[in-house]
């Protein structure tokens, strides 16, 4: 459990994670806990749909449900920032 503790993974009880520290930093975003702890199967599915539609052609906004539309806006903003 050494790496999980070093990364302060969210599935470890808070009292066992040790002192807060930056464990992940990228483009001005800092997490004091392994961000993988926050990734859900639903959020992975949104990312997959986003890149699939980006690869094979766009989609009209009115064809998206609210959760996908919100996710696509965030992902597109971050995608543009990384380019």
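Please work out if residue 10 is without any contact (Cβ under 8 Å) to a residue 40 or more places away in the chain, outside any helix (DSSP H, G or I) and surrounded by 12 or more Cβ atoms within 10 Å (Cβ to Cβ). Spell out how you get there, then give the answer.
Numbers: without any contact (Cβ under 8 Å) to a residue 40 or more places away in the chain: yes; outside any helix (DSSP H, G or I): yes; surrounded by 12 or more Cβ atoms within 10 Å (Cβ to Cβ): yes.
Yes.
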Checklist line | Some residue of the range 46-63 being farther than 20 Å from residue 79 by Cβ and assigned by TED's automatic domain parsing to the domain that holds residue 73 | finding: yes
Notebook entry, point to check: With respect to the numbered conditions (1) in a loop (DSSP other than H, G, I, E, B); (2) on the phi < 0 side of the Ramachandran plot, which one is the sole condition not fulfilled by residue 15?
Noted result: (1)
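Name the residue, out of 37, 31, that is surrounded by 13 or more Cβ atoms within 10 Å (Cβ to Cβ) and modelled with pLDDT under 85. So that I can check it myself, show each step before the final result.
Values: 31 fails: modelled with pLDDT under 85.
None of the others qualify; the one that does is 37.
Taking the range 52-66 on its own, how many of its residues are exposed (fewer than 12 other Cβ atoms within 10 Å of the Cβ) and part of a helix (DSSP H, G or I)?
Residues of the range 52-66 exposed (fewer than 12 other Cβ atoms within 10 Å of the Cβ): 52, 55-58, 60-63, 65-66.
Next, only the ones that are part of a helix (DSSP H, G or I) stay: 52, 55-56, 61-63, 66.
Residues meeting the conditions: 7.
The values are calculated or read from the model by the stated rules, or taken from the named source; none is laboratory data. All values derive from a computational prediction rather than experimental measurement. Ideal geometry is used to build each Cβ from the backbone, glycine not excepted, and the neighbour counts take in all protein chains shown.
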